[in-house]
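Here the structure comes first, spelled out in structure tokens, and everything after it is commentary.
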There are 2 protein chains.
Amino acid sequence: VTAKPLLAALAGHRPSIPPLWLMRQAGRYLPEYRAVRGRVNSFLDLCFNPDLATEVTLQPIRRFAFDAAILFSDILVVPFALGQPLSFVEGEGPRLDPIRNAADLGRLTATGFAERLSAVYETVGRIRRELPDPVTLIGFSGAPWTLACYMVEGGSSHDFARTRIWSYRDSAGFEALIGLLTEAVTEHLSQQIAAGAEVVQLFDSWAGILPEGPFRRFVVEPTRHIAKAIHHRHPHVPIIGFPRGAGLLYDIYDAEAGVDAIGLDTTVPLGWAVENLAHPYQGNLDPAVLLAGGEALERAARTVVAGFRDQPFVFNLGHGVLPQTPPEHVAALVDLVRGESPIRSGDLHILA
Amino acid sequence: VTAKPLLAALAGHRPSIPPLWLMRQAGRYLPEYRAVRGRVNSFLDLCFNPDLATEVTLQPIRRFAFDAAILFSDILVVPFALGQPLSFVEGEGPRLDPIRNAADLGRLTATGFAERLSAVYETVGRIRRELPDPVTLIGFSGAPWTLACYMVEGGSSHDFARTRIWSYRDSAGFEALIGLLTEAVTEHLSQQIAAGAEVVQLFDSWAGILPEGPFRRFVVEPTRHIAKAIHHRHPHVPIIGFPRGAGLLYDIYDAEAGVDAIGLDTTVPLGWAVENLAHPYQGNLDPAVLLAGGEALERAARTVVAGFRDQPFVFNLGHGVLPQTPPEHVAALVDLVRGESPIRSGDLHILA
């Protein structure tokens, strides 16, 4: 049995206290993050600065002693390294020069991909060297479908209709984009593992907008290819797949995507997961209840812990930490999951 | 057995050709709609003009002989009639003066609710008088949770975090808003039925962002109250509930929400619905494939028809018609579902 709680749970062990980390645990809700962010002009400058990216990755580990650190980066570094111009407009999210059809694919190139991301891999190595021993380092990538959504739309969208329309109108052209991304994501994860990542997570944030047929083709199939290649090259590195919003298609993903653990979004009923999933799972507290705090947070967190007790389970949110979340709520959550009984403000009158 | 195909299917009959209508079948994709829209300043003026709202409701019936007409209106007329200022900014969607806490509820009033919507009920009566005999008239409302989302956020949002945060922080205050909306929606549907609506649909467009507990409280419970009241007052009027994105929670909704038929979004696998749902269902072609057209449309539509053959089923999309959809694609879909074999442009060389 490994001494690292996260690796043990992903290997199927069932600890009495689940390992714990939070998606976007490094980020705007932390004042020390905002201080570092203020030292560079753009978000991408932060992602590509090994000193600063290492620093912000480690900040939440120092504060909360999470069981895992996740590389500070962005899923869109993959299209960037394929040659698609990318910028982040403050308060408006990412902007990419859109790829709208097969002809536009000529603007992308895999040549020099890993070189353009060398700062990211250098960051991974530094974090690994600085992490305390029981803390696991997670690398990550966007999954091909989700990356394609942003690349085709040129940014975020509420329904990514352009992406779906292209996939229906010219499935061969769209498959070529997915194929290119499948190779790039495999390379990106493999480089992170070579640099020191002990687990990798695939974020398929827009898996939940697809009907069953396209879900199998654009979510499950590419993930299966990536997982197979990673398992071949790095047989001891577990892959967490997170097909956010997959709903009734979660069981297909669990059975066929070839990943080692399943990320659950907030909508997955605990009982359903325990009864139906073959792999260990990670999730799924609502980030809005973490922001809200108080009794609602305590009740919701206890429900998740109780629902997944004695399962191969990693405590996490069902989506990233919201920027307005008070850090004290995160501290309270950590105490609660680890079974310490924090003194809540509402209890202080008892002591007075 | 009723002679109206939609009512027959909703009553559990299994016709060899399913009844057919499309969400947003009246709207911007039709040139005759855009002509009428150009005659008024604002979208709300169109909703509250019985002549014009009747006209645009009937346009797709004339063109495509759908089995149902759905009142042309908007879900946000309910908050408007509760006293919340509402406007539609062209290209940006709806704007409401946000209701953010229990104190803000004082700005809403149920007094005069039905009077402020009298133009809508007049429209319902006119449409019913003008509809050809086998065509069923559907009234509708937004469901309380979805209306609350827009009312709290002040418009659309990608995650309606503010709404969820309020529901966690002050559940009593938020329940008061849901309670007010439950009464208002019941009244709104009841008035539409009194004016001539033969079926009503409850749109819960944001049901899919809630964990199981809040889903039960804010989606299932209010819907059950509304359905019970409507069934009591109007025992022969079926209610279609559409909890879009409910995913793994669809079965709870089917079992407990008290509606007569279930609207399926695009992500629901046909086989799952056939095996698991107790009520008749409606859906669920991807609007993006209708826009794309061609062989992809043909294949996807045939898959839906085949998957639901001999079931109590209403053919529809899984979401509304997209504004850029070519009307010819809708015509091709109608022919296809009704089993006529349209001459596709790709076949014309055979005739040459």
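The values are calculated or read from the model by the stated rules, or taken from the named source; none is laboratory data. All of these numbers come straight from a predicted model, not from anything done at the bench. Neighbour counts are summed over all protein chains in view; Cβ atoms, including those assigned to glycine, are modelled from backbone coordinates with ideal geometry. What goes into the accessible areas is simple: the full protein's heavy atoms, side chains included, and nothing from ligands, DNA or RNA. Shrake-Rupley method; radii C 1.70, N 1.55, O 1.52, S 1.80 Å.
Based on Cβ point charges of +1 for Lys and Arg and -1 for Asp and Glu, what charge dipole magnitude is obtained for chain A about its Cα centre, in debye rounded to the nearest 20?
220
Summing +1 for each Lys or Arg and -1 for each Asp or Glu, what net charge is found among the other residues whose Cβ lies under 13 Å from the Cβ of A:Pro18?
Result for the neighbourhood of A:Pro18: +2.
Roughly how tilted is helix B:221-233, in degrees to the nearest 10 and between 0 and 90, from the longest Cα axis of chain B?
Here the helix axis deviates by roughly 80 degrees.
Subtracting the Cα-Cα distance from 0.36 nm times the residue separation, let me have the gained length for A:Thr109 to A:Glu295 in nm, one decimal.
Contour length minus the Cα-Cα distance gives 61.8 nm.
Do you know the relative contact order of chain B, to the nearest whole percent, from alpha carbon pairs under 8 angstrom that are 6+ apart?
20
Can you list, shortest first and in nm, the gaps between the label point of B:Thr109 and those of its counterparts in the other copies, using a point 7 Å from Cα in the C-beta direction?
Copy-to-copy label distances for B:Thr109: 6.9 nm.
For B:Ser118, A:Ser16, write out the residues from largest to smallest accessible area, computed with a 1.4 angstrom probe and no ligands counted.
Accessible-area ranking of B:Ser118, A:Ser16, largest first: A:Ser16, B:Ser118.
Once neighbouring chains are kept in place and the probe is 1.4 Å, which whole percent of the accessible area of chain B is contributed by carbon and sulfur?
Accessible surface attributable to carbon and sulfur in chain B totals 51 percent.
Provide a whole-number value for the mean count of partner chain Cβ atoms within 10 Å of the Cβ atoms in peptide B:281-291.
Mean shielding count: 4.
Quick check on region A:30-99: what are the equivalent-ellipsoid semi-axes from the Cα gyration tensor, as sqrt(5λ), descending, whole Å?
After scaling each eigenvalue by five and taking roots: 25, 14, 10 Å.
Nearest 0.05, what FRET efficiency do B:Arg309 and A:Glu256 give at R0 = 22 Å with Cβ-Cβ as r?
With R0 = 22 Å, the Cβ-Cβ based efficiency is 0.25.
Cut-off 11 Å, label point 7 angstrom out along Cα-to-Cβ of B:Arg338: give me the residues of region B:1-28 whose amide nitrogen falls inside.
Only B:20 fall inside the zone, counting backbone N under 11 Å.
For the rotation bringing A onto B, which A residue has its Cβ nearest the axis, and at how many Å?
A:Gly247, 1
Once label points are set 7 Å from the Cα along Cα→Cβ at both B:Asp170 and A:Ile17, what is their separation, rounded to one decimal in nm?
So the label points at B:Asp170 and A:Ile17 sit 3.6 nm apart.
On alpha-carbon atoms, Rg over Rh for the protein assembly as shown using Kirkwood Rh?
0.97
Quick check on packing: order B:275-287, B:40-52 by the mean number of other C-beta atoms within 10 Å, highest mean leading.
The peptides rank, most packed first, as B:275-287, B:40-52.
Put a point 7 Å out from Cα along the line to Cβ at B:Ala11; what are the distances to that point in the other copies, in nm, shortest first?
6.4
In whole percent, what relative contact order does region A:177-247 give with Cα contacts below 8 Å and a gap of six or more residues?
50
Copy-to-copy spacing for A:His236, label 7 Å out on the Cα-to-C-beta vector, in nm, shortest first?
7.4
Taking 0.36 nm per residue of sequence separation and subtracting the Cα-Cα distance, how much length would be gained by fully extending the chain between A:Arg302 and A:Arg233, in nm to one decimal?
20.9 nm
Could you work out how much longer the chain between B:Glu275 and B:Val89 gets when fully extended? Use 0.36 nm per residue separation minus the Cα distance between them, nm to one decimal.
62.6 nm
So for A:His329, B:His188, what's the accessible-area order with a 1.4 Å probe, most first?
My answer, sorted largest first, is A:His329, B:His188.
Which three extents, in whole angstrom, do the alpha-carbon atoms of chain A cover along their principal axes, largest first?
71, 47, 38
Just reorder B:Arg34, A:Arg100 by solvent-accessible area, largest first, 1.4 Å probe, all chains present.
B:Arg34, A:Arg100
Just the number, please: percent antiparallel of the DSSP beta bridges in chain B, rounded to the nearest 5.
15
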